[in-house]
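The values are calculated or read from the model by the stated rules, or taken from the named source; none is laboratory data. This is a predicted model, so every value here is computed, not measured. Cβ placement follows ideal geometry from the backbone for every residue including glycine, while neighbour counts extend to all protein chains displayed. In case anyone asks, the SASA skips ligands and DNA or RNA and just uses the protein heavy atoms, side chains included. Shrake-Rupley method; radii C 1.70, N 1.55, O 1.52, S 1.80 Å.
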Amino acid sequence: MTCLMNLIDEDSEINAERPGPVSCIDVENVERPNKVFSNGDLYVGDFKEVLPHGKGKYTWSNGMVYEGDWEAGKMTGKGLLLWPSGERYNGDISGGYLHGFGTLTSPDGSVYEGQWRMNIQHGFGRKTYSNSDVYEGEWKEGEHEGNGRYFWNNGNKYTGNWKRGKMHGRGVMEWVNGDKYNGCWLNGLRHGSGIYQYADGGYYFGTWTRGLKDGKGVFYPAGSKRPSLNKFCISLGYDNGPKSVLSQCSSLNLEGSTVKKRSVRRSVSEKISVSGVLRSSGQISHKNAESSRDSDSTKESMHHYSSGTFSFDSDAGQSEVQESTAVVYEREYMQGVMIKERVRGYTELPKKAEKKTKHHAKETEKSSCFGIFKGKNSYHLMLNLQLGIRYTVGKITPVPKREVRTADFGHRARITMFFPRRGSQFTPPHKSVDFYWKDYCPMVFRNLREMFKLDAAEYMMSICGDDGLTEISSPGKSGSIFYLSHDDRFVIKTLKKSELKVLLKMLPKYYNHVKEHENTLITKFFGLHQITVHGKKKVRFVVMGNMFCTELRIHRRYDLKGSTHGRCTDKDKIHENTTLKDLDLSYEFQMDKSLQKFFFHQIALDCNFLKSQHIIDYSLLLGLHFRAPEQLNGLLEPPMMPNIESSPAGQGLTTDGEVLFPSKGLLLVAHEPSSVSTDPGPHIRGRPLRAFSLGDKEVDVLVPGTGRLQVQLGVNMPAQANQKLSGDEADSAEVELFEVYDVVIYMGIIDILQEYNAKKKAEHACKSVKFDPLSISVVEPELYAQRFINFLKQKVFPEQP
């Protein structure tokens, strides 16, 4: 009895869930070219010894038929497979698997023509669905992934990037009515920067979050003159023009981005099933595409005016204006709700953009670092940084863990290495210039990373991975270069020589402080490095945790010092990513009593530490995620939420009717470790906080449309923001009106490397003659700390009555 191993299971059918040779066929007496087997199967064709080899046709007793090439008893080469269900495959087969190029025709009329790997669509292929929808593009393990085009049977079309069967990354959606969206996508929804073009010629340039307008944007009615895309991007704060806007989409394709924090159901499985019928076709309902359009072009939006009254308008209606209109609308949205609108002449935006460009160029010229590294050299700088960090972290990690010693601190505790371009015994060859690398206090920062529960491999992949670093504009006057890791977890900043010395000097005390106070709000430092090129030009870096590493959009950023002189921002320079200052803050925040008490307790501890180190000029970096006002939510009809679901009929993308505008705002609930992500991160601090309103229990916060988040000091902290309107804005000189928003707060103390030295003392003396000594930023450390705390208590987080 001889056994023939091939891709046939016990029921003589292809099994994609358990592929591979799993059964045997009795081929006794196979010397004859035509053979009927004892189990009823029939083979007609060529043999090599006792195994089918060459051309042959095999008919199973259940009616399944294969006709084509055989090799050593296995279906290999070109062939035709027919299932009893009516399904048909014609193409390449290797070792009993559908592998190579082939066409699969299903009984429902759907046809896939393209590449296969181990019974699964993988590579480039085109699929026509039973309802006449068509997808043409790249596949990965049975799902749309990569570049591709999807054509709905009603005429809608999407061209762009896909991931796990969903529109994800950069893409263009074109509706049959003439509307078009060009921008970023996330999990099948518009997410990030984009441009929405209406059929009548109107445009909206702005940002979206999970399918809803969220953040600032500009609407150009039909007939209005639009500025160049480059000037528009600069006016919104993207200093590098369209490239910086579109670069936001690129990170969406990365496994290490914030997307990974959210689970995505892998339900579109287009593998060959037991019966040969596709379990899910990946077909996308055109209703979802229509609802994606309707939420912008036909859904009524709420306008909130300073008078406190509301009126309804639709974007489509607003784009129906007379030709040659000279106005544009600067708008701000929160989860699809318009909360602000400013009417401007279209000529103002280009001027504003040009003004900002000149201002940015002037600030750039002041930066010594930019003078050294521009253009291609900036890329070399980033590459040098990655090479150095990969080398030193890899070198220090295998060293057995121990407590730090006195010798581990100071400028002499360092690793120095030369990186020639051609490589050396210790360094790899690279495409940058020759450079010297210096890593300060490697054992100290290795222990700090472990103290903050950062895995060395993840740290290196985040900063040194193939996805690279993103250069971001400096929010301050320092002229420093800032880099952001591809997953938004780490910020890398260039330092002055004086700042390097201060950090090395304070590092022993800093180490003890963060070790003793796990909830500290002070910036987390993870590494201190120096690059020397051309023998003399030195650039110093510090790696820090990104305080705004969150899947929630940060709508406002504030840098708060507690001083008033010069602490306001020119309104013409405010854009989407502007970091505002003390006098720009028009909100007061109310937190749970226990959260607020714990916050000020830690602020006092941190300020005492900074005071002991004679540090001034530090500030509280405050990030706010706003929730749409609750009274507006109930007035809006939510668009349908696309969701991939697997179904026997292969309906693919369906609508589950999830409400994007819940009736309740943020909600504090008892902490459940199993229900929230407890993965350590560069911004995570200590344990969950306790809330007075829940009986002093550890708490999480429920964010509608996002999920459950762990509340920690400075991270995911829920609060109420009360905005005090001026008399002109409120149309009342006698009554003070407040607008109330639910907000999620992210905050920490930054810029802690400025000593109160002789230079600062001289600056204080000089400015005190011209201005109020208490209003200027430069004051002695004890007064600075007290003023800082008082400002936070009185102006930012006042005690509840």
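Among the strands (runs of 3 or more DSSP E) confined to segment 701-755, the ones with at least 1 residues that are modelled with pLDDT of 90 or more and either among the hydrophobic types (A, V, I, L, M, F, W, C) or open to solvent by 30 Å² or more (accessible area, probe 1.4 Å) (or both) are located at 717-724, 738-750.
Of all residues in segment 411-418, none satisfies being charged (D, E, K, R) and over 23 Å from Leu504 (Cβ atoms).
Of the strands (runs of 3 or more DSSP E) entirely within segment 92-160, those holding at least 1 residues that are within 25 Å of Leu82 (Cβ to Cβ), small (Gly, Ala, Ser) and within 27 Å of the chain's Cα centre (by Cα) occupy 120-128. Residues that are free of Cβ contacts under 8 Å to residues at least 24 places away in the same chain and within 21 Å of Asn384 (Cβ to Cβ) within segment 505-537 comprise Gly535, Lys536, listed in sequence order. Within segment 756-801, the residues that satisfy the criterion of being under 30 Å from His625 (Cα atoms), crowded, with 19+ Cβ neighbours inside 10 Å and touching a His at 6+ places or on another chain (Cβ under 9 Å) are Ile776, Ser777. Of Phe101, Phe151, all but one fail to be open to solvent by 50 Å² or more (accessible area, probe 1.4 Å) and closer than 30 Å to Ala72 by Cα; the exception is Phe101. Count of segment 554-576 residues, restricted to those that are crowded, with 17+ Cβ neighbours inside 10 Å and either more than 28 Å from the chain's Cα centre (by Cα) or more than 19 Å from Leu624 (Cα to Cα) (or both), is 6. Please specify each residue of segment 577-591 satisfying the condition of being open to solvent by 20 Å² or more (accessible area, probe 1.4 Å) and under 18 Å from Arg687 (Cβ atoms). Once the filter is applied, which keeps residues that are open to solvent by 20 Å² or more (accessible area, probe 1.4 Å) and under 18 Å from Arg687 (Cβ atoms), segment 577-591 yields nothing.
Out of curiosity, is Ser193 surrounded by fewer than 21 Cβ atoms within 10 Å (Cβ to Cβ) and either in contact with a Ser or Thr (Cβ under 7 Å, 6 or more places away or on another chain) or outside any strand (DSSP E or B) (or both)?
Numbers: surrounded by fewer than 21 Cβ atoms within 10 Å (Cβ to Cβ): no; either in contact with a Ser or Thr (Cβ under 7 Å, 6 or more places away or on another chain) or outside any strand (DSSP E or B) (or both): yes.
No: the conditions fail for Ser193.
Is there a residue in segment 129-143 that is farther than 26 Å from Ser94 by Cβ, open to solvent by less than 10 Å² (accessible area, probe 1.4 Å) and either in the same structural domain as Ala199 (by the TED database) or among the aliphatic types (A, V, I, L, M) (or both)? Yes: segment 129-143 contains one or more residues that are farther than 26 Å from Ser94 by Cβ, open to solvent by less than 10 Å² (accessible area, probe 1.4 Å) and either in the same structural domain as Ala199 (by the TED database) or among the aliphatic types (A, V, I, L, M) (or both).
Within segment 382-408, the set of residues being surrounded by 15 or more Cβ atoms within 10 Å (Cβ to Cβ), in a loop (DSSP other than H, G, I, E, B) and under 34 Å from the mean Cα position of the chain (by Cα) comprises Thr397 only.
Residue count for segment 40-95 satisfying the condition of being open to solvent by less than 10 Å² (accessible area, probe 1.4 Å) and of a type in the set (Val, Ile, Thr): 1.
Exactly one residue among Asp696, Asp679 is modelled with pLDDT of 80 or more, charged (D, E, K, R) and open to solvent by 20 Å² or more (accessible area, probe 1.4 Å), and that residue is Asp696.
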